[in-house]
Amino acid sequence: MHNALNRLQATFGFFTSCAFTLALIIAVLSLIPIPASTSSPSASVAVRNVQVVKGRPHYYSPKREEYAQIRFDLNADLSSLFTWNTKQLFVYVTANYPNGKDGQGDLSETVIWDTIIPATSTPYSWQNLKQKYFPEKKKSNSKSRRDSNAKTKTTDLVKPGVLSLKNQKPKYQITDPSGVISERSNATLQVSWNLQPWVGSLVWDQGYLGQRIGKWNAGKAGRSEPFDFPPLKGTKTDTVKDKEGPRTPEAGSASPVIEI
Amino acid sequence: MLSSLAPYLSNPRQTLAQVLNFALVLSTAFMLWKSLSVIADSPSPIVVVLSGSMEPAFQRGDLLFLWNRDKTAEVGEIVVYNVKGKDIPIVHRVVRSYAPLGVGADADASASPKLLTKGDNNVADDTELYARGQSYLDRKEDIVGSVRGYVPAVGYVTIMLSEHPWLKTVMLGIMGLMVILQRE
């Protein structure tokens, strides 16, 4: 009964249950604020300039739509969100506007700018452990490697999650399914974030477990003053969103673990 | 051939118990999967990421836990959706949500927001990935679930199994042999 195969099986079984228990403990512990965070995330966003122009989605498209370009200022200190179980923080600014002409109705939300802030490397992160225990053998490369290491060390001193943008150009020009976005009133900009852990549950600024890390500083909820979209500027259709025609994005495919 | 089976046949009670044991293992796994599916209200509550368009958030082989009990999908949520005519689900982030037209009394109660998705690692949004003539997703019709939990790398086993189908047969065979051959 105690042959090699049995032992191998038992070892593997024990290893998997240990690994899963550890992952579960990490996932649960990261929901408890230990060590207690010293500050709560805060952000402020303000509109600089809004322009609405006519354009088409890409060069070969016959569709003519109105596009809004919103320049904005953003100041945010989200460094308290970077805990020991943070892989990255996705920060995004949305323009929210009611769909009715009179400033009433349900909100439409569109992302105008986003960024990914990865967690900075620590002495225990994978790259550094690999470098320490399995250093690259190649001698010729070692100098440049050391240089890049030095570089990462200097970036380590910078606290991740502090954003300060002045008159930032939006990444995405927004439009509406109706094709008309000019002269809409009561719109606001809002800053939101999505926290991605190394293992465990994802956290948004509003929603699940929001009370733990999700709470904004009172009065500092990252929301701008209401603004109105201006009337259409010019009548020429000179703006083209994508210069090179339609681009096919890579499909981020996923598959069910078990197919029955 | 029959002579090798003789020890099993001489003690049919034990053999039957082992076959029953094997069936128990299989049905427990099946029940766990199905009850998870009922809890999350999704046909596939756990999915494996197959490609890198959501990097660095999700790499190939990461395991995602889905939740499908919400009526709406907010901007910023990462959803898994099916495109009509394609059988591989796609996991991307919702970047736009347009409220249905009509205000107050003339609002259509059944209308739901139009959603647009984009992969974090992609430059362009997903309009090109959707079915011909479709430019927005519908929460109820297209979306399978929204990502709530994350476990890195574990799902790589599934990728290995689906890319090398013979591994599946070998593993099932070994599993069956183990359970049946193990006495006690």
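Local charge sum around B:Gly155 (other residues, Cβ-Cβ under 11 Å, Lys/Arg +1, Asp/Glu -1)? Don't jump to the answer; show the numbers that get you there.
Working: positive: B:Arg60; negative: B:Asp62.
Combined, the nearby Lys, Arg, Asp and Glu give 0.
May I have the count of lysine pairs in chain B with C-alpha atoms under 30 Å apart, counting pairs 8 or more residues apart or located on different chains?
20
Seen from all sides and averaged, what is the projected area of the convex hull of the Cα atoms in segment A:74-143, in nm²? Present the calculation step by step, with values, prior to reporting the outcome.
Working: hull surface 34.2 nm².
Averaging across all directions leaves 8.5 nm² for the Cα convex hull.
Starting from the Cα of B:Ser10, step 7 Å along the direction of its Cβ; do the same at A:Lys101; then give the gap between the two resulting points in nm.
9.4 nm
Quick one: net charge of A:Phe72's neighbours, Cβ under 14 Å, K/R +1, D/E -1?
Around A:Phe72, the surrounding residues sum to +3.
Let me know the mean shielding of B:147-158 by other chains, meaning the per-residue number of their Cβ atoms within 10 Å of its Cβ.
Working: counts 5, 6, 6, 9, 9, 5, 1, 6, 3, 0, 1, 5.
Average neighbour count from other chains, rounded to a whole number: 5.
Spin-label point model (7 Å from Cα, Cβ direction): what's the A:Thr16 to B:Arg60 distance in nm?
With each label placed 7 Å out from Cα toward Cβ, I get 2.3 nm.
Taking each residue in A:112-119, count the Cβ atoms of any other chain within 10 Å of its Cβ, then average. What number comes out?
Values: counts 2, 0, 5, 0, 5, 0, 2, 0.
That works out to 2 on average.
Could you compute the FRET efficiency for B:Met31 and A:Tyr60, with r as their C-beta to C-beta distance and R0 at 51 Å, rounded to 0.05? Write down the numbers at each step before the final one.
Details: r = 53 Å, r/R0 = 1.04.
With R0 = 51 Å, the Cβ-Cβ based efficiency is 0.45.
Based on the Cβ-Cβ distance of B:Ala23 and B:Leu167, what FRET efficiency does E = 1/(1 + (r/R0)^6) give at R0 = 22 Å, to the nearest 0.05? The partial results should precede the final answer.
Numbers: r = 23 Å, r/R0 = 1.04.
So, using R0 = 22 Å, E works out to roughly 0.45.
Quick check for me: using +1 on Lys/Arg Cβ and -1 on Asp/Glu Cβ, what's the dipole size of chain B about its Cα centre, in debye to the nearest 20? It would help to have the intermediate numbers written out before the result.
Details: 17 positive and 18 negative charges, 119 e Å.
Here the size comes out at about 580 debye.
Name all residues of segment A:172-205 having a backbone nitrogen under 20 Å from the label point set 7 Å from the Cα of A:Glu225 along its Cα→Cβ direction, giving them as ranges.
A:183-191
For the pair B and A, how large is the buried accessible area, both sides, in square angstrom to the nearest 100, if the probe is 1.4 Å?
Working: alone 12370 and 17790 Å², together 25460 Å².
So the buried area, both faces added, is about 4700 Å².
For A:Leu29 and A:Leu5 in the same chain, what is the full-extension length gain: residue separation times 0.36 nm, less their Cα-Cα distance, in nm?
On the way: separation 24, 0.36 × 24 = 8.64 nm, distance 3.59 nm.
Taking 0.36 nm per residue and subtracting the Cα distance, the gain is 5.1 nm.
Any idea how far apart B:Val157 and B:Lys140 come out in nm if each label point goes 7 Å out from Cα toward Cβ?
About 3.8 nm separates the two model spin labels.
Within the set of other residues whose C-beta is less than 13 Å from the C-beta of B:Ala131, count the net charge using Lys and Arg as +1 and Asp and Glu as -1. The partial results should precede the final answer.
Values: positive: B:Lys84, B:Lys86, B:Arg132; negative: B:Asp87, B:Asp126, B:Glu128, B:Asp138, B:Glu141, B:Asp142.
Residues near B:Ala131 contribute -3 overall.
Quote the Stokes-Einstein diffusion coefficient, in whole µm² s⁻¹, for chain B, based on the Kirkwood radius over alpha carbon pairs, a temperature of 20 °C and a viscosity of 1.002 mPa s.
Working: Rh = 19.8 Å.
The estimated diffusion coefficient comes to 108 µm²/s.
Could you state the accessible area per residue of segment A:1-139 in Å², with a 1.4 Å probe and every protein chain left in place? Mind showing how you got there, number by number?
Numbers: 8240 Å² over 139 residues.
Per-residue value: 59 Å².
Rounded to the nearest 10 Å², what accessible area does A:Trp198 show when all protein chains are kept and the probe is 1.4 Å?
About 130 Å², ignoring ligands and nucleic acids.
Counting only protein heavy atoms, what percent of the accessible surface of chain B is carbon or sulfur at a 1.4 Å probe? Mind showing how you got there, number by number?
On the way: 6730 of 10100 Å².
Exposed carbon and sulfur together represent 67 percent of the surface.
The values are calculated or read from the model by the stated rules, or taken from the named source; none is laboratory data. If you're wondering where the values come from, they're calculated on a predicted model, not measured in any experiment. All Cβ positions, glycine included, derive from the backbone under ideal geometry; neighbour counts span all protein chains shown. Heavy atoms of the whole protein, side chains included, go into the accessibility calculation; ligands, DNA and RNA do not. Shrake-Rupley method; radii C 1.70, N 1.55, O 1.52, S 1.80 Å.
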